[in-house]
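Okay, so here's the structure we're looking at.
The values are calculated or read from the model by the stated rules, or taken from the named source; none is laboratory data. Everything quoted here is computed from the prediction, not taken from an experiment. Neighbour counts run over all protein chains shown; Cβ positions are idealised from the backbone, glycine included. For the accessible areas, the whole protein counts, side chains as well, though only heavy atoms, and no ligand, DNA or RNA atoms are used. Shrake-Rupley method; radii C 1.70, N 1.55, O 1.52, S 1.80 Å.
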Amino acid sequence: MNASPPPQPRQSSGWTNGLALLSLVLSGLLWISGLVDSLQRPSVGNSLELRQQELTALAAPALPAGLRQALTGAQPLEALRLDLQKQVDEDPVPPAAQQQLQLALLERQAGQGAAARQRLQGLNQQVPPEQRLLLAALLEPASSLDPAELELATLEPLVNGWALTPLSRQLVCQALGGPLADCEDRLAQQAAVLRLLGTTLVPVLLLLLGSSLLLRELWLRWRGKAAPPPPLVSPPLNLAEVTLLIAGGFVVLGELVMPLVLTPLLQGLLKPLSSQPALQQGLLVLGLYSGLMTAPLVLLWSQLRPHAPRPQGGWLQWHWRPLASALRRAVVQVLLVLPLVALVGWVLERLVGDPGGSNPLLELVLNSANPLALLCFAITALVLAPLFEETLFRGVLLPVLAQRWGGLAAVVISALLFGIAHLSLGELPPLFVLGLGLGWLRLQSGRLGASVLMHSLWNGLTFANLLLLAS
């Protein structure tokens, strides 16, 4: 289609073919098992929905009257209560104490005093002694504090050990009889307004911009005015070698063997950080992903090393320079793909609901308040994952397949394997569409660096949204 003739790859030996076939069978079994198991993993979607509802309720009083109805609805506290009640009722796992406390406070706000009291009494039997002081004050507010002197600052002795959100602190203050004006945290409400705009208005604007760019791109292609793609250089590897690289190096060694070897070693090294579990988890994730990358990258280096001379720009066509144009292509492609991924996600939710199986890293980012842990997660998601995954799927697999079956088939197959590799059946359709966008950019730009930047930008948008909801 658009690939320049590469040096002919070497004929694989019998042991290479046999090892590739064995790796393919093992990786197939591992991927099928992982996809099935993903249906049993909890979805981060429920947590994100609750965080969004809580953010909306906190921001509502500080919003201008003209925007309040449009952004928060008529009764944001009641919407939060109903959503929280639904998730508590449907989740087989007992809710966290903070969730139960917030639900009891919202029930009291809604005039369901008996239900709130019953929930608080049950919670009193579950929490440690240092948390019962607050429950006692809520169950018997008249004998605890003088409402006339109650404000947020006086709650500190009561809320010790609870790690309450600003909204929950406000609800506690009001439940104890404090005046609304003294219970509201104006700074937290104003910060919530900015975060709410970042999680609602900004995505809408990006979707509108992306949709207009997508229509423009389709119009140009229909008119035949799109620029022709540059030559695509393929690494001199045959299908057996690529199969061995991805199935053997990435799946069997990277996803199966390396975690078995590295997990106990890293846990031992990180044991001194047991008092900081978030940082410990962040370093563990960073270490495990670095280990996952090692085997396939070493294997790829050994496969390419005998082939010389290398073409200009290398076998993988990184072509980082000029960086500005690579970044521009990446930004445009992110905007083009965004409405398509959103559409697929919307259709999937309407057809099957939330199938679960979210990437565990999303939950870790959402619930972590440790800056160093977040830095570890950011390095993993924004640097290591884009570099590694694009090297395998768009740097090696796509051009090798394009030489044999054409660019379109190569983009589709590499996108499908990219989606499956994330081992989440519920996220497979959106990831497949994202993979199509990454592959199309690789094909049309001839630059692997642009695909890496696009992948990093995409993960960065997800990461930023999680941080806004977690703050």
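Descriptive notes on the structure:
- With Cα atoms, 0 to 90° folded angle of helix 97-109 axis to the chain main axis: 50
- Phi-derived couplings, Karplus 6.51 cos²θ - 1.76 cosθ + 1.60 at θ = phi - 60°, listed residue by residue for segment 375-387: 5, 4, 5, 5, 4, 5, 7, 9, 10, 5, 4, x, 4 Hz, with x used for Gly and Pro.
- Shape of segment 226-296, Cα gyration tensor, a/c cut at 1.5: oblate
- Computed over segment 172-224, the ratio Rg/Rh where both radii use C-alpha atoms and Rh is Kirkwood: 1.48
- Measuring spread by the Cα atoms of segment 127-280 yields a radius of gyration and Dmax of 28.9, 80 Å.
- Shown for the chain: the carbon plus sulfur share of the solvent-accessible area, taken with all protein chains present and a 1.4 angstrom probe, equals 66%.
- Centre-to-centre, using Cα atoms only, segment 379-436 and segment 205-259 are separated by 6 Å.
- Free-standing Cys residues across the chain, given no other cysteine C-beta under 4.7 angstrom: Cys376
- Normalised per residue, the accessible area of the chain is 49 Å², obtained with a 1.4 Å probe and no contribution from ligands, DNA or RNA.
- Net charge over other residues, Cβ less than 13 angstrom from the Cβ of Arg81 (K, R count +1; D, E count -1): -2
- Cα gyration tensor, segment 265-408 - rounded (a/c under 1.5), prolate or oblate: oblate
- Based on alpha carbons, the Rg and Dmax found for the chain are 26.3, 86 Å.
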